[in-house]
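This report concerns only the one structure given below.
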Amino acid sequence: MKEKIIINAGEYYASKDPVIINTLLGSCVAVCLYDPISRIGGMNHILLPGAPDMTKFNDPARYGINAMDILITTMMKLGGRRDKIIAKAFGGAHIIPAISWKYGVGHQIADFVRAFLKKEKIQLVSSDLEGFDIRKIFFHTDTGDVYLKRMKPMKTSHIIFEEKKRLKEIEREIHEVTDIVLFNDVDADKDK
Amino acid sequence: MLETIMVVDDSSSVRQMITFTLEGAGYHAVEAKDGQEGLEKLESLTVDMIITDLNMPNMDGNAFIKAVKAMPEYKYLPIIVLTTESDASKKQAAKEAGATGWITKPFKPDQLLGIVKKVML
């Protein structure tokens, strides 16, 4: 039996041992990365604090790039190879019908993920993005297989509440102080 | 003349994001995708500072820092590590390799520029 790992918005998990990572997605997007040679897999669950601008690198873009970067780096540290990694992406639903899908969070995150993978030359081998349904996905890190279950939005309205709550936490995280050290200057991190 | 900063990271998005920040502040940036490409580029151009990631294919950050510091003309070159890592042993290893400073990702543009200004020769 493979161990089951649950991740929430803003989290990620990578493993070289066979595990099933699962997550529930509303407007968030989960990117499953897999290196078929080393059979190492990892997944994140991205929620962005606003519309990312990939040419001016605003806060949401920088937050999203970091979420992807940290997952790729973790897989490399486990023995995965960046140039072998392939991707599958899910989620990005339009769960607040009051606004147009184009301005919806789901569409913005899905767009970000597609743009990021293209920039990094990571092939998106399959995806199920946008639309209106809530998705639950199960990612097998040893095979790269993903099982997806769709649910109607009305049954899972708590997910909108959860995402809003998590978004507030992410907005706080963005303003946390970065860890900076100057090796020959003990006062460096005190005087900014 | 513009001060040139070499940006070494295996993620093209991260490189572009750092370059965007540096160029916005009036620096000239040169990018390399790993330590190996960084060393190759140093053969044909002169830089005033390096910002490097640690975990990269072909040649990682620490090996790159050591190789650069072994070059007589770059013995005193400021090198800042910019990485997702944050534990003390990794910082110690980078310091021993010859790094000038350390910033844990995600970086904030003004903090990065503050450090660049501070360590630039």
Exercise for review: Enter the Cα centre distance for the pair region A:86-111 and region B:52-102, rounded to the nearest angstrom.
Suggested key: 39 Å
Point to revise | Distance violations [Cα-Cα > 29 Å] among B:LYS95/B:LYS118; A:LYS136/A:LYS168; A:LYS2/A:LYS165; B:LYS69/B:LYS108 | key: A:LYS2/A:LYS165
Revision key, fill the gap. Checked chain B with the C-alpha gyration tensor, a ≥ b ≥ c its square-rooted eigenvalues, rounded below a/c of 1.5, otherwise prolate if a/b is larger than b/c and oblate if not; verdict rounded
Point to revise | Radius 13 Å from Cβ of A:GLY104, net charge of other residues (Lys, Arg +1; Asp, Glu -1) | key: -2
**Study point:** Within-15-Å neighbourhood charge of A:PRO36 [Cβ basis; K, R +1; D, E -1]
**Key:** +2
Study note, to complete from the structure: Lys and Arg at +1, Asp and Glu at -1: neighbours of B:SER89 with Cβ under 13 Å from its Cβ sum to 0
Revision key, fill the gap. Counting sequence-distant residues (5 or more places) and residues on other chains, those with an amide H built under 5 Å from that of A:ALA93 are A:SER27, A:CYS28, A:GLU130
Practice item. Send over the Kirkwood Rh of region A:17-78, from the inverse of the averaged 1/r over different Cα pairs, rounded to one decimal Å. Key: 12.9 Å
Check your understanding: How high is the FRET efficiency between A:ARG81 and A:LYS149 when r is their beta carbon distance and R₀ equals 30 Å, given to the nearest 0.05?
Key -> 0.45
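Please list, by residue number, every one of the GluC sites (Glu not before Pro) in region B:14-121 that is coil in DSSP and has at most 12 other beta-carbon atoms within 10 Å.
The qualifying sites are B:GLU43.
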Review point. Can you give me the relative contact order of region A:80-192 as a percent, contacts being Cα pairs under 8 Å and 6 or more apart?
Key: 22 percent
Check your understanding: When you look at the Cβ of every residue in A:58-71, what mean number of other chain Cβ atoms sits within 10 Å?
Key -> 4
Point to revise | region B:1-90: chymotrypsin sites (Phe, Trp or Tyr not before Pro) in DSSP loop, at most 10 other beta carbons within 10 Å | key: B:TYR76
Exercise for review: Using a 10 Å cut-off on Cβ to Cβ distances, tally the other chain neighbours for every residue of A:109-120 and report the average as a whole number.
Suggested key: 1
**Study point:** Cα-based Rg and Dmax for the protein assembly as shown, where Dmax is the largest Cα-Cα distance (Å)
**Key:** 20.3, 67
Check your understanding: If you project the alpha carbons of region A:48-172 onto the principal axes, what extent comes out on each, in Å, largest first?
Key -> 43, 35, 24
Study note, to complete from the structure: Checked region B:71-121 with the C-alpha gyration tensor, a ≥ b ≥ c its square-rooted eigenvalues, rounded below a/c of 1.5, otherwise prolate if a/b is larger than b/c and oblate if not; verdict oblate
Practice item. State which entries of B:LYS90/B:LYS117; A:LYS88/B:LYS33; A:LYS88/B:LYS91 exceed 28 angstrom in Cα-Cα distance in the structure shown. Key: A:LYS88/B:LYS91
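Check each of the chymotrypsin sites (Phe, Trp or Tyr not before Pro) in region A:102-149 and keep only those in coil by DSSP with at most 16 other C-beta atoms within 10 angstrom; list them in order.
Here the sparse-neighbourhood loop sites are A:PHE132.
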Practice item. Enumerate the calculated ³J(HN,Hα) couplings along region A:110-116 in order (Karplus 6.51 cos²θ - 1.76 cosθ + 1.60, θ = phi - 60°), each rounded to whole Hz, writing x wherever the residue is Gly or Pro. Key: 4, 4, 4, 4, 4, 5, 4
Practice item. Arrange A:ARG114, A:ARG135 by Cβ neighbour counts within 10 Å, fewest through most, would you? Key: A:ARG114, A:ARG135
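Each value in this text was obtained by applying a stated rule to the coordinates, not by laboratory testing. Values in this document were obtained by computation on a predicted structure and should not be read as measured data. Reconstructed Cβ throughout: ideal geometry from the backbone, glycine too, with neighbour counts over all protein chains shown.
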